[in-house]
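Mind looking over this structure? Questions follow.
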Amino acid sequence: SPGATTEHFTLNFTITNLMFTTDLQTPNSRKFQSTEKIMKHYIDPLLQKSSIGPHFSGCKVTGFRSGRSRDDTKVDAVCSYKDNTSLARFDRAKLYQELSTMTNNVTKLGHYSLDRNSLYVDG
């Protein structure tokens, strides 16, 4: 659409039942690529259902990091949306609330368990 620009925001959360392994740090490893694909399978549909859904362009997992315990894996992603000046501005607090609700109060993402205090939306 005319006047639309692509904007980005970061999305971070911690999975408590995905053991972190060093191959998750290597973007060209089979483990990184398969886990990234699974994350997109869960994250993208949630964002499609959110208030930014009509403008959502997709997320790219930028990395996996070790969490507090060896069973925790932190997920970092950069997500994109088309921003048109005639539309309401990106509201990260609203998006956080929607994602919180859609993940059962930040406890479930598909078959993964989430650290309730780990969801972070910045944009």
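The values are calculated or read from the model by the stated rules, or taken from the named source; none is laboratory data. All of these numbers come straight from a predicted model, not from anything done at the bench. Neighbour counts are summed over all protein chains in view; Cβ atoms, including those assigned to glycine, are modelled from backbone coordinates with ideal geometry. Note: areas computed on protein heavy atoms with side chains; ligands, DNA, RNA excluded. Shrake-Rupley method; radii C 1.70, N 1.55, O 1.52, S 1.80 Å.
Note the count of lysine pairs whose C-alpha atoms are less than 22 angstrom apart in the chain, limited to pairs 8 or more residues apart or on different chains.
Summing the qualifying lysine pairs gives 25.
Here's another thing I want to ask about it. Considering only protein heavy atoms, with the full assembly of protein chains and a 1.4 angstrom probe, order Thr73, Thr22 by accessible area, largest first.
The most accessible residue leads, giving Thr22, Thr73.
Against the longest principal axis of the chain, how steep is helix 92-102, in degrees 0 to 90 to the nearest 10, with axes from Cα atoms?
So the inclination is approximately 50 degrees.
I need the phi-derived Karplus couplings for the stretch 70-84: 6.51 cos²θ - 1.76 cosθ + 1.60, θ = phi - 60°, integer Hz, Gly and Pro marked x.
The phi angles translate into 6, 8, 9, 10, 8, 10, 10, 9, 10, 10, 10, 8, 8, 10, 10 Hz.
Which far-off residues, 5 or more places away or on another chain, put their amide H under 5 Å from the one on Thr62, with H placed in the peptide plane?
The list, which skips near neighbours in sequence, is Asp76, Ala77, Val78.
What does the extension gain come out to for Arg70 and Met19, with contour length at 0.36 nm per residue minus their alpha carbon separation?
17.8 nm
For Val78 paired with Thr62, estimate the spin-label separation in nm (one decimal), with each label point 7 Å from Cα along the Cα-to-Cβ line.
Spacing of the two 7 Å Cα→Cβ label points: 0.5 nm.
When only C-alpha pairs under 8 Å and at least 6 residues apart count, what is the relative contact order of the chain, in percent?
Relative contact order comes out at 40 percent.
For mean projected area of the Cα convex hull in nm², the choices are (1) 6.7; (2) 10.5; (3) 7.4; which was calculated from the structure?
Derived directly from the coordinates: (3).
Given a 1.4 Å probe and every protein chain left where it sits, what share in percent of the accessible area of the chain is carbon and sulfur?
50
Could you give the distance between the Cα centres of the stretch 74-117 and the stretch 25-62, to the whole Å?
12
Between 0 and 90 degrees, rounded to the nearest ten: what's the tilt of helix 30-49 against the longest Cα principal axis of the chain?
Once rounded, the angle reads 40 degrees.
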